[in-house]
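*Asks:* One structure coming up, written as structure tokens, with questions to follow.
None of the figures in this text is laboratory data; all of them are computed from the coordinates on show. This is a predicted model, so every value here is computed, not measured. Neighbour counts are summed over all protein chains in view; Cβ atoms, including those assigned to glycine, are modelled from backbone coordinates with ideal geometry.
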Amino acid sequence: MSDRHAEESGSVVAPAVFFSLCLLLLLGLLFVVPVFAEMFADFGAKLPKLTQIVFDVAHLLKYNLLVTAGIFAALIAGFVVATSSKSERESSGVFWALSVLVLIIGALCVGVLFLPIFHLSSVVAP
């Protein structure tokens, strides 16, 4: 395998990882978060503000197709700009940095989903 082929295949990995992580986060917000929202609504307890924000964002994405389409358009535009205006190495670095950011956002969303459980356990505990 030549160095050029390795460099070209490496330049494809970073955008693929980034878009895969974005898709996973979006699918989680569209399909997993509403299940938690419905479950916590059954409890009738007041939710922590951060949890309510995640639920509101998920609701916005699920029921406002224009916002979801805008996010996809922004991702595609970002991909085009990042890959065309910089060298392969620089654009790869941008995608890896954005992938880490998406991972952090995803981890925060998951953590925020557990806040009401901790809150309810402190209310129920003697």
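*Asks:* What distance in nm separates the two pseudo spin-label positions at Asn64 and Trp96, each 7 Å out from Cα along the beta-carbon direction?
*Replies:* Spacing of the two 7 Å Cα→Cβ label points: 3.5 nm.
*Asks:* Follow-up. Under a plain spin-label model, where a point goes 7 Å from the Cα along Cα-to-Cβ, how far apart in nm are Phe114 and Glu38?
*Replies:* Here the answer is 2.4 nm between the modelled labels.
*Asks:* Given the peptides 107-119, 39-51, arrange them by the average over their residues of other C-beta atoms within 10 Å, most packed first.
*Replies:* Working: 107-119: 15.2, 39-51: 13.2.
Per-residue Cβ counts within 10 Å, averaged per peptide and sorted highest first, yield 107-119, 39-51.
*Asks:* Another question about this same structure. Could you check the spin-label model distance between Leu103 and Ile76? Points 7 Å from the Cα along Cα→Cβ, value in nm.
*Replies:* Using points 7 Å along Cα→Cβ, the separation is 2.8 nm.
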